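Take a look at the structure below.
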Amino acid sequence: MSAFPTPYVSPMLRPLAVVLALLAAVACGEPSQLQTVAGGEMLTVENGAVASTNLWSSRAGAEVLLEGGNAVDAAIAVGFALAVTNPTAGNIGGGGFMVVRTPDGETTTFDFREKAPLASHPEMFYDEDGEFSRDIRHRSHISVGVPGTVAGFELAHQRLGQADWARLVEPSIGLARDGIELTPDLAGSIANAVGRMQERGYEASVQAFSRDGVPYEAGELWQQPDLAMTLERIRDEGRDGFYRGETADLLVAEMERGGGIITHEDLEIYEAVERAPIEGTFLGYDVISMGPPSSGGTAIVQMLNILEGFDLPAIGHNSPEYVHHVAEAMRFAFRDRAAHLADMDFSDVPLERLTSKEYADELRAQIDPDMAGESSVADVELAMESAETTHYSVVDADGMAVSVTYTLEGGYGSHITVPGAGFLLNNEMGDFNAGPGITDETGLIGTEPNLARPEQRMLSSMSPTILARDGELVAVIGTPGGRTIINTVLQLALNRMAFQMEPMEMLSAGRFHHQWLPDRITVEEAIATPELMSRLEEMGHTVEPRTRQGAAHSIVIDMETGERIGIPDPRITDGTAVGY
Ligand code: GLY
C-alpha cells in the first residue's frame, strides 16, 4: 500500500505545485521538447531524464541531455546548479559520490568526499581543557573538510564526459548572477538559516542569504553575484579556478580569520579518486553502489544478502514481521559498520567478508523470527550524521546512468560563506569520530578506524546506487538522510527487486529505520499504525513514529518499453523531474 500517493505537502497544493513548476519552466524558456513534473507526479520519456530536488537543477541537466551531452555531463550541470539553488546541501564547498553505469554495463564510481586538512589529528576536536567539544567538531572553522566537489566533477568529466566543460558550469552562473525566484520551501529554509548565521556572527553568510539581515520572502528574486564570479573561475580554469588563485586565496583568508586550518597546500593536494563500486546480487538483480569511504554500498549489499534468504513476499511488505526481519538485518549491518567501516586508504576494511553470501548466511541464522535481537551497550555508537544531503539521478538517451549524492553535512554546512567567493563551506569533519577512546553512552565514539588524520576521508552513509538485471539498466536510486540513507536505499531496492513494485509505489511506500544503536525502529507516520507498532513492541522492539524518511529522487526503467520514468520523491514539494 502506498504511504505517500501524493506529495508530502497537502494534496490540495499538489496541482498548484505542478502548475508553478510548469509556469516556471515556461518563464525560464525551457525548450518545448522537455517535459517537467513536480513531486508526486511521474515523468515518462523515451530519451533522457533527470530527477532532483528542484526544477532549476533538473532542467539544467535535461538541457545538456537534449543537446547531446551524456549522463555524466548532465550530472555535472545538475551538481553545479544545485550549488546555487539548494544551499542546504548542493555545493562546491562540500563533497560526495557519483556512481556510473555505462550503456554497455561498465561500472565505476567517483569519490569526491572531503579530506581532513594536513594539520588534522585525532584529538583536534578537544578544547583547551582537553575535553571533547561538539561545537569544535561540528560548528567551527575546524569542522570544515577540504572540499571535493569541483575536483570530483572535473575528474568525472575528464574520464567520461563529452560536452564542453564551460557549457556544464554556465547554467549555474546564470542562476547565481540573474537570480532565482524563491519557492516557499526554499525561502523558509533560508530564513531559518539566516537566524543561525546571525547568532554565530557569520556576516558574509548573512549578506549572501538575506537583504542586510532581512530574510527574503517567497517569490522574491535571490541573486548571488560573488558565487557567480567563483563559478566563472571554475568555468574558465576548471579545478584550478577553485583550488588555486583567487578562490583559494579567499578560502584560506577566511580560515585564517576564523581559526580554521585549511591551507593552500591542502587545496593544492586534494584529489578526487575513481574507485571500483561495491557490487552485489539479489534474486538475479545486480546492485552497484558506493564503497568506502561510504559505508552505504557495503551495508546495503550485506543486508540484501541476509534478506535474500527469506521469502519476503510471503512475509508481506511492511507487515510487522517484515519490519522485524528487515530491522534485524539493519542491526547487523550497522553494528559491522561501526566496527569496521572507514576510509580504506587508512584502514583495513574486511569488505570481502562483509559482502559475502556466506557471512550473510551466518547472520541470517541468528535472526529469531519472533523476537528482537540485542544491540550491546558495550559496543559503540556512531557519531551523528546530518539528514541534510541531496541526491539526484540521471539517465541519458543511450542508457548511461548516473547516481549522485553529495552534501555539506549539516543543512547549510558550517554556515560559513567564504567572503567574496559566495559559497558555503561544509562541516564534514563532524563525520569523524570524536577522539581516541572516548566512546560513551551519550553517543560519542572513539574507535580507531574513523579518527581524523591528515588527508583521511571521513566515513559517510551516502549511497548512490544503480540496479541492473540481465545486462539491462533497471533503476537509479539514492537519497539524503544521514544514516537513514542506507536503509531508505535498501527499501527502495527491495520494493523493486523483491516486490516488483511499480515506480510510484516503489517511491511512495512507507519507510522505516534501525541503526543498531540507539536500539529502536523509527517508522514513517504514514504506516505507523497502532497494529504495526504494538506487534513490534510485543516482539521486543522499541518503536517510534517519524514524519518522513528521505528524498529519493529516482529514475526507473520500464523494462518493456525502455522508457525512463523520473520520480521526484512525493515527500518533497520542490522535487522535479525533467526529460524528453
Ligand atoms: N554527512 C552525511 C554523510 O556523509 O553521510
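Values for this structure:
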read-out	value
Region 202-225 residues that are at positive phi, paired with ones that are surrounded by 13 or more Cβ atoms within 10 Å (Cβ to Cβ) and of a type in the set (A, V, I, L, M) (beta carbon under 6 Å, 6 or more apart)	213/206
The listed residue being surrounded by 20 or more Cβ atoms within 10 Å (Cβ to Cβ), in a helix (DSSP H, G or I) and in contact with a strand residue (DSSP E or B) (Cβ under 7 Å, 6 or more places away or on another chain), out of 151, 193	151
Single residue of region 115-126 satisfying the filter (in a loop (DSSP other than H, G, I, E, B) and either aromatic (Phe, Trp, Tyr) or over 23 Å from the mean Cα position of the chain (by Cα) (or both)) that is surrounded by the most Cβ atoms within 10 Å (Cβ to Cβ)	125
Any hit, region 102-114, residues being more than 16 Å from the ligand (Cβ to nearest atom) and either crowded, with 24+ Cβ neighbours inside 10 Å or among the aromatic types (Phe, Trp, Tyr) (or both)	no
Flag if residue 129 is among the acidic types (Asp, Glu) and not in a loop (DSSP other than H, G, I, E, B)	no
Which numbered condition residue 266 misses (of (1) touching a Leu at 6+ places or on another chain (Cβ under 7 Å); (2) within 16 Å of the ligand (Cβ to nearest atom))	(2)
In region 398-440, residue farthest from the ligand (Cβ to nearest atom) [restricted to those that are at positive phi and not small (Gly, Ala, Ser)]	415
Identity of the residue in region 451-476, buried (at least 24 other Cβ atoms within 10 Å of the Cβ), within 16 Å of the ligand (Cβ to nearest atom) and not hydroxyl-bearing (Ser, Thr, Tyr), that ends up modelled with the lowest pLDDT	459
Sole exception among (1) out of contact with any Pro (no Cβ under 9 Å at 6 or more places or on another chain); (2) at pLDDT below 65; (3) within 30 Å of residue 423 (Cβ to Cβ); (4) part of a helix (DSSP H, G or I) for residue 65, by number	(2)
In region 326-346, the residues that are closer than 20 Å to residue 532 by Cα and surrounded by fewer than 19 Cβ atoms within 10 Å (Cβ to Cβ)	none
Number of the condition not met by residue 175 [criteria: (1) within 16 Å of the ligand (Cβ to nearest atom); (2) over 30 Å from residue 265 (Cβ atoms); (3) over 18 Å from the mean Cα position of the chain (by Cα)]	(1)
Enumeration of residues in region 553-571 that are buried (at least 24 other Cβ atoms within 10 Å of the Cβ) and part of a loop (DSSP other than H, G, I, E, B)	553, 568, 569, 570, 571
All positions within region 208-250 that are of a type in the set (Lys, Arg), assigned to a helix (DSSP H, G or I) and more than 28 Å from residue 161 (Cα to Cα)	none
Single residue of 105, 96 found to be small (Gly, Ala, Ser), at pLDDT 95 or above and not in a loop (DSSP other than H, G, I, E, B)	96
Residue count for region 480-509, restricted to those that are in contact (Cβ under 8 Å) with a residue 60 or more places away in the chain and on the phi > 0 side of the Ramachandran plot	2
Criterion violated by residue 40 - all others in (1) within 28 Å of residue 559 (Cβ to Cβ); (2) at pLDDT 95 or above; (3) assigned to a loop (DSSP other than H, G, I, E, B); (4) touching a Ser or Thr at 6+ places or on another chain (Cβ under 6 Å) satisfied	(2)
Options 293, 320; residue that is more than 16 Å from the ligand (Cβ to nearest atom), touching a residue at least 40 places away in the same chain (Cβ under 8 Å) and over 17 Å from residue 366 (Cα atoms)	320
Candidates 228, 299 - the one that is farther than 26 Å from residue 80 by Cβ, out of contact with any strand residue (DSSP E or B) (no Cβ under 7 Å at 6 or more places or on another chain) and aliphatic (A, V, I, L, M)	299
Any hit, region 334-341, residues being under 25 Å from residue 138 (Cα atoms), within 16 Å of the ligand (Cβ to nearest atom), basic (Lys, Arg) and part of a helix (DSSP H, G or I)	yes
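Per-residue answers, yes or no, for (1) under 16 Å from residue 500 (Cβ atoms); (2) hydrophobic (A, V, I, L, M, F, W, C):
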| position | (1), (2) |
| --- | --- |
| 282 | yes, yes |
| 301 | no, yes |
| 308 | yes, no |
| 316 | yes, no |
| 339 | no, yes |
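The values are calculated or read from the model by the stated rules, or taken from the named source; none is laboratory data. Note that this is a predicted model, so its numbers are computed, not measured. Virtual Cβ from ideal backbone geometry, glycine too; neighbours counted across all protein chains shown.
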